[in-house]
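The values are calculated or read from the model by the stated rules, or taken from the named source; none is laboratory data. Values in this document were obtained by computation on a predicted structure and should not be read as measured data. Neighbour counts run over all protein chains shown; Cβ positions are idealised from the backbone, glycine included.
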Amino acid sequence: MGWKNRRRQYGCVLHLDLKDGKIWIQHNGTEIDIANELVSLGVSKEDIVLAFQEPLIRQYTGFAVG
């Protein structure tokens, strides 16, 4: 993140959305398992969508499907 040749350089490391009362994890470029960190903080798995997973695969993750 910063400036190079008068142009802004920006890369999103973590992208979460709040939609319909659920937390949608769109991208996680960290080494931290954000979904399980949220669960350890008291967020229900049914309120977390692993949006980076293909919709057909989400049903097997143990988290919300959307």
query: Just a yes or no: is a residue in the stretch 20-40 more than 22 Å from VAL65 (Cβ to Cβ) and touching a Phe, Trp or Tyr at 6+ places or on another chain (Cβ under 8 Å)?
result: no
query: Any idea which residue in the stretch 1-41 is nearest to PHE63 (Cα to Cα), counting only those that are among the hydrophobic types (A, V, I, L, M, F, W, C) and in contact (Cβ under 8 Å) with a residue 24 or more places away in the chain?
result: ALA35
field: Residues satisfying the stated conditions in the stretch 47-65, i.e. under 30 Å from MET1 (Cα atoms) and surrounded by fewer than 10 Cβ atoms within 10 Å (Cβ to Cβ)
entry: GLU54
message: Yes or no: the stretch 2-10 includes at least one residue that is surrounded by 10 or more Cβ atoms within 10 Å (Cβ to Cβ) and not β-branched (Val, Ile, Thr).
response: no
- prompt: Looking at GLY66, GLY11, which one is in contact with a Pro (Cβ under 9 Å, 6 or more places away or on another chain) and in a loop (DSSP other than H, G, I, E, B)?
  reply: GLY66
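Take the stretch 20-46 and flag every residue that is part of a helix (DSSP H, G or I) and surrounded by fewer than 17 Cβ atoms within 10 Å (Cβ to Cβ).
ILE34, ASN36, GLU37, VAL39, SER40, LYS45, GLU46
Pick out the one residue from ARG58, ARG8 that is of a type in the set (D, E, K, R) and modelled with pLDDT under 95.
Details: ARG58 fails: modelled with pLDDT under 95.
Of ARG58, ARG8, the one residue that is of a type in the set (D, E, K, R) and modelled with pLDDT under 95 is ARG8.
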